[in-house]
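> Shown below is the structure under consideration.
The values are calculated or read from the model by the stated rules, or taken from the named source; none is laboratory data. Since we're looking at a predicted model, the values are computed, not measured. In this analysis, Cβ positions are derived from the backbone assuming ideal geometry, glycine residues included, and neighbour counts consider all displayed protein chains. Surface areas here come from the heavy atoms of the whole protein model, side chains and all, with no ligands, DNA or RNA. Shrake-Rupley method; radii C 1.70, N 1.55, O 1.52, S 1.80 Å.
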Amino acid sequence: QVQLVESGGGLVQAGGSLRLSCAASGRTFTMAWCRQSPGRERECVATITRAATNSNYADSVKGRFALSKDNRRNTLDLHMSNLRSEDTAVYYCASTNTWTGLTFNPSDYDYWGQGTQVTVSS
């Protein structure tokens, strides 16, 4: 069983930066950071393979968000910069339970953290 614990959320002004961290226990495979804001469906914005050899980003965050994965510590960080008000959401760390390619589909992920709130003030 995989457990994921997020940290690092908070309130930041537009244009600012924030780093989210996900600490995993157990064996993870493809991982992602996904987000959900009120009234909207959950969307995955950044995904990375188990070995961290490949990653991909949603167009909405490309060039502003970056993943860093430490397989020794079993952590996955999301570095967010140039934040916008539309980035406000609860951010979740997620993992599949088997070998999977990069995917932005939340339904492909089997394990989820409890989420951490990110609020960007304009």
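> Treating the beta-carbon of each Lys and Arg as +1 and of each Asp and Glu as -1, no other charges, what is the dipole magnitude of the range 1-96 about its Cα centre, to the nearest 20 debye?
With Lys and Arg at +1 and Asp and Glu at -1, about 260 debye.
> Ignoring ligands, DNA and RNA, what percent of the accessible area of the range 27-80 is carbon or sulfur (1.4 Å)?
Values: 1120 of 2730 Å².
Here carbon and sulfur together make up 41 percent of the probe-accessible area.
> Let me ask you something else. Nearest 20 debye, what's the magnitude of the dipole of the range 58-108 about its Cα centre given +1 on Lys and Arg Cβ and -1 on Asp and Glu Cβ? Could you put the intermediate results ahead of the total?
On the way: 6 positive and 6 negative charges, 41 e Å.
With only Lys, Arg, Asp and Glu charged at Cβ, the dipole is about 200 debye.
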